[in-house]
Amino acid sequence: MREGFALILSAPSGTGKTTTCKVLLERLPNLKIAVSHTTRSIREGEKDGTDYLFTSTEKFEEKIKNNDFLEWAKVHTSYYGTSLKSIETPKKKGNDILIELDVQGVESLRKMKYEGIYILILPPSITEMEARLRKRGTNSEESIKQRIETGKQEIKQYKMYDYVITNDVIEDTVNSILSILYAEKVKSAYYRPSSPDIEALFNDEVD
Ligand code: 5GP
């Protein structure tokens, strides 16, 4: 069986990443999300084990020491990390895996030449990003300002990604991601013969 693809998605806070991921997961039954570990506090409406695996700083640092993470980073004032197990197990079973990362995480994966489809989702404008963050109402003024600054720095790193999508209308963004995934999957490099007679052609066994 062919291993699944890793879809690596970044988006500054207030860009609509959570909704985009939710719709993608509904549309693609074969897609599984890698649930990250974080030390930040749980927000209203979030579920431990679904949105994140919420953990203490001590336990997170222990996992760093044990090399349990594919990558980890300090974002804003909290730790975030993707455990190796959460990715490799479903990928080996043939599931595509959705990995949400900030730019630091992407930088680490690029350095280790981690194979995947790297997508950055951008807000239509900084003004719109700020408006969405305020509308969410779950962050303090200080945290909103910090998220906007972090967001601006992240946007400047767009060249690290294979694809950049502006999230104006969620439906369009999701369709763009589906098209990208489809195009990657039908690349000749990943082609697996669908029948023995086609395979034989490739092996030069047919006249
Ligand atoms: P939030 O606190 O708004 O859920 O996420 C803050 C930032 O942390 C986002 O940019 C998000 O993509 C990033 N993030 C979430 N999980 C991980 C992870 O496992 N590793 C890294 N490097 N960043 C993550």
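Restricting the range 120-162 to residues that are outside any helix (DSSP H, G or I) and in contact with a Gly (Cβ under 8 Å, 6 or more places away or on another chain), the residue that is nearest to TYR190 (Cα to Cα) is ILE121. Among the residues of the range 5-19, is any assigned to a helix (DSSP H, G or I), touching a helix residue (DSSP H, G or I) at 6+ places or on another chain (Cβ under 6 Å) and either more than 15 Å from the ligand (Cβ to nearest atom) or under 29 Å from LYS159 (Cβ atoms) (or both)? Among the residues of the range 5-19, at least one is assigned to a helix (DSSP H, G or I), touching a helix residue (DSSP H, G or I) at 6+ places or on another chain (Cβ under 6 Å) and either more than 15 Å from the ligand (Cβ to nearest atom) or under 29 Å from LYS159 (Cβ atoms) (or both), which makes the answer yes.
Quick grid of which residues meet (1) in contact with a strand residue (DSSP E or B) (Cβ under 6 Å, 6 or more places away or on another chain); (2) over 30 Å from ASP172 (Cβ atoms):
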| position | (1), (2) |
| --- | --- |
| ALA34 | yes, no |
| THR38 | yes, no |
| GLU46 | no, no |
| ASP51 | no, no |
| GLU71 | yes, no |
| GLY81 | yes, yes |
| TYR114 | no, no |
| THR138 | no, no |
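Taking the range 46-119 as the region of interest, the helices (runs of 4 or more DSSP H) fully inside it that hold 3 or more residues being more than 13 Å from the ligand (Cβ to nearest atom) and closer than 23 Å to LEU181 by Cβ are 84-92.
Cβ-Cβ contacts under 7 Å between residues 6 or more apart (or on different chains), taken from a first residue in the range 10-39 that is under 19 Å from LYS93 (Cα atoms) to a second residue that is of a type in the set (Gly, Ala, Ser) and within 15 Å of the ligand (Cβ to nearest atom), are listed as ALA34/SER86; VAL35/GLY49; VAL35/SER86. Which members of the range 28-45 meet the condition of being away from the ligand (no atom under 11 Å from the Cβ) and either over 16 Å from the mean Cα position of the chain (by Cα) or surrounded by 17 or more Cβ atoms within 10 Å (Cβ to Cβ) (or both)? Correct list: LEU28, PRO29, LEU31, LYS32, GLU44, GLY45.
Does at least one position in the range 161-174 carry a residue that is within 29 Å of SER41 (Cβ to Cβ), out of contact with any Lys or Arg (no Cβ under 8 Å at 6 or more places or on another chain) and surrounded by fewer than 16 Cβ atoms within 10 Å (Cβ to Cβ)? Looking through the range 161-174, at least one residue is within 29 Å of SER41 (Cβ to Cβ), out of contact with any Lys or Arg (no Cβ under 8 Å at 6 or more places or on another chain) and surrounded by fewer than 16 Cβ atoms within 10 Å (Cβ to Cβ).
Where a number appears in this text, it was derived from the coordinates with a stated rule and is not lab data. Everything numeric here is computed off the predicted structure, so don't read it as measured data. Counting neighbours? That spans all protein chains shown, and the Cβs are built from the backbone with ideal geometry, glycine included.
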